[in-house]
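Asks: Let me give you the structure first, and then I'll get to my questions.
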Amino acid sequence: MRRKFLRMIACVGTIVIALCFAGVRLNAQDENSCKTWPSEPPASNPFPQSSDITGICFTGKYNHFDVGDTWYLSWASDGKLYSPWTDGGVNHISSLSFVLLPDYKQATTGYAVMSGDDPMHLKIEKAGVNVGDPTPYKGRYPAGGLIYNGAWYLGTYGLLDSDGSPDTGLNWDILGPLVGYRYSTDYGKTWHEGPHTPATPLFGEPDKPGDPVKMGVPHFVDFGKNMQYSPDGKAYMVAHGAVASDPDPRPANLSWITGDQIYMARVKPSIRNMNDKSKYEFFGGNNKAGRPIWTHDFSKIKPLFEWNNNAGSVTMTYDAPLKKYLMCVTDGTNTISAFNTYILESDHITGPWKMVTYMRHFGEQAYFVHIPSKFISSDGKTLWLGYSANFTRGQKPNPAGSAYGLTLQEVKLLH
């Protein structure tokens, strides 16, 4: 994501943004060859092993786009995929989501439209950028996006770096709030800003910059084409966070890629509702019967689960053929070394959760891992992992095809 300033010299000048070109690298190996990734959860793992999905294997088939990072693909009713992106170039357009100079207050976030039904033959057909002031933060990055009934919503969130630069020391190690949502009603031709700013964010957290948040870097649950499998017509978001009373905080305890807990919120998606906190419900734990409690009171929000020093960026997809929710969580360790990604499964959107696989050093530094529902097979057992990887120097691509930009990697679920 963030520490590749030198790698971006070809794409971004100090202020003047030059042009970058999107490249594609394909690999189509024998589909009968599938390499199982060993599951190596640490001893503190709180999840039982799933007996329904016992692991994943990689077919060796991948498609890599040599573009910016931060992609989350949302499947619209027109069959196309809509996504944010940033910190790089797409189709001769560049984006940089942090400010380079003290008085420069224009951070950009990109958006793009992707067409095609085969992950090996996709086309990025439209791209653009939006501009926003990150103050009082130094970075303003894309959160998850949603396109539903022709309205496209894109969120942003704030970031700070403790030593003042994401290119030295830790990388954007202080997570700020979800700002709110821009929206477009014409598939990205024009955009409307929401009413919130980084200083006055949607959910009113944190109390002051640098304090922990709970709904950090939220991503929408992928319910399929135009949210067709939403259980109640609502959009659900998952996010990572932490609390101030952490008994054992680590360096970069709550950053863009590290945290301690996973949280959830839901809302009936509409232009009126998306930027109105009162329209949101937050997961508030389970009652004595084990059923989820939903509350409009943000102060009563409870985590879906907690795994101290082992949570981070999170996404969720509904695998309709299997009737399973699949959650991808990346623990970004210290924000600059190799990362760990694990996949959980549940029959219910709020859990309980079981471990599918814990992939130590996946990528070796994969982040924003997600499962685009459009590419789930008819039996639900073959799918594609989308992710970016290896923004710091010295990281090795593992599996092959892992690199900065967007990688789509075919995997099979083991039973």
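Asks: Give me the pairs, please: first residue somewhere in the stretch 133-145 and within 9 Å of residue 99 (Cβ to Cβ), second residue anywhere and among the aromatic types (Phe, Trp, Tyr), beta-carbon distance under 8 Å, and either six or more positions apart or on two chains.
Replies: Listed pairs, sorted by first residue: 134/98; 138/98; 139/98; 139/172; 140/98; 140/157.
Asks: Still on this structure: Need at least 1 residues that are open to solvent by 20 Å² or more (accessible area, probe 1.4 Å) and touching a Cys at 6+ places or on another chain (Cβ under 9 Å) per element, so show me which strands (runs of 3 or more DSSP E) inside the stretch 357-415 make the cut, counting only ones lying wholly within it.
Replies: Passing ranges, in order: 406-414.
Asks: Shifting gears a bit: Among (1) out of contact with any Ser or Thr (no Cβ under 6 Å at 6 or more places or on another chain); (2) closer than 27 Å to residue 251 by Cα; (3) modelled with pLDDT of 95 or more, where does residue 153 come up short?
Replies: For residue 153, the exception is condition (2).
Asks: Something else now. Would you check which residues across the stretch 74-123 are assigned to a strand (DSSP E or B) and of a type in the set (A, V, I, L, M) and list them?
Replies: Answer for the stretch 74-123, where residues must be assigned to a strand (DSSP E or B) and of a type in the set (A, V, I, L, M): 81, 90, 93, 107, 112, 113, 114.
Asks: Go through 291, 266 for me and flag whichever is of a type in the set (D, E, K, R) and within 18 Å of the chain's Cα centre (by Cα).
Replies: Result: 266 is the single residue among 291, 266 that is of a type in the set (D, E, K, R) and within 18 Å of the chain's Cα centre (by Cα).
Asks: Return the total of residues in the stretch 147-200 being within 30 Å of residue 78 (Cβ to Cβ), open to solvent by less than 40 Å² (accessible area, probe 1.4 Å) and in a loop (DSSP other than H, G, I, E, B).
Replies: 3
Asks: Right, here's the next one. Let me spell it out: the conditions are (1) modelled with pLDDT under 95; (2) under 27 Å from residue 110 (Cα atoms), and residue 415 meets all of them except one. Which number is the exception?
Replies: (2)
Asks: Given 290, 285, which one is under 18 Å from residue 303 (Cβ atoms), assigned to a loop (DSSP other than H, G, I, E, B) and either touching a Pro at 6+ places or on another chain (Cβ under 9 Å) or among the aromatic types (Phe, Trp, Tyr) (or both)?
Replies: Of the residues listed, the single one that is under 18 Å from residue 303 (Cβ atoms), assigned to a loop (DSSP other than H, G, I, E, B) and either touching a Pro at 6+ places or on another chain (Cβ under 9 Å) or among the aromatic types (Phe, Trp, Tyr) (or both) is 290.
Asks: If you don't mind, another one. Looking only at the stretch 123-146, filter to residues that are buried (at least 24 other Cβ atoms within 10 Å of the Cβ) and among the aliphatic types (A, V, I, L, M); which one of those is nearest to residue 165 (Cα to Cα)?
Replies: By that ranking, first place goes to 143.
Asks: Among what's in the stretch 234-251 and is open to solvent by less than 20 Å² (accessible area, probe 1.4 Å) and not hydroxyl-bearing (Ser, Thr, Tyr), pick the residue that is farthest from residue 210 (Cα to Cα).
Replies: Looking at residues that are open to solvent by less than 20 Å² (accessible area, probe 1.4 Å) and not hydroxyl-bearing (Ser, Thr, Tyr), I get 235.
Asks: Any idea which of 90, 113 is over 30 Å from residue 380 (Cβ atoms), at pLDDT 95 or above and either of a type outside the set (A, V, I, L, M) or under 20 Å from the mean Cα position of the chain (by Cα) (or both)?
Replies: 90
Asks: May I pose another question? Restricting to the stretch 77-108, what's the tally of residues that are open to solvent by 10 Å² or more (accessible area, probe 1.4 Å) and closer than 24 Å to residue 148 by Cβ?
Replies: 4
Asks: Within the stretch 293-328, count every residue that is assigned to a loop (DSSP other than H, G, I, E, B) and aliphatic (A, V, I, L, M).
Replies: Residues flagged as assigned to a loop (DSSP other than H, G, I, E, B) and aliphatic (A, V, I, L, M) within the stretch 293-328 amount to 4.
The values are calculated or read from the model by the stated rules, or taken from the named source; none is laboratory data. Just so it is clear, the structure is predicted and the values come from calculations on it, not from any experiment. FYI the Cβ positions are ideal-geometry reconstructions off the backbone, even for glycines, and counts take in every protein chain you see. Side chains included, ligands, DNA and RNA excluded: accessible areas come from the protein's heavy atoms. Shrake-Rupley method; radii C 1.70, N 1.55, O 1.52, S 1.80 Å.
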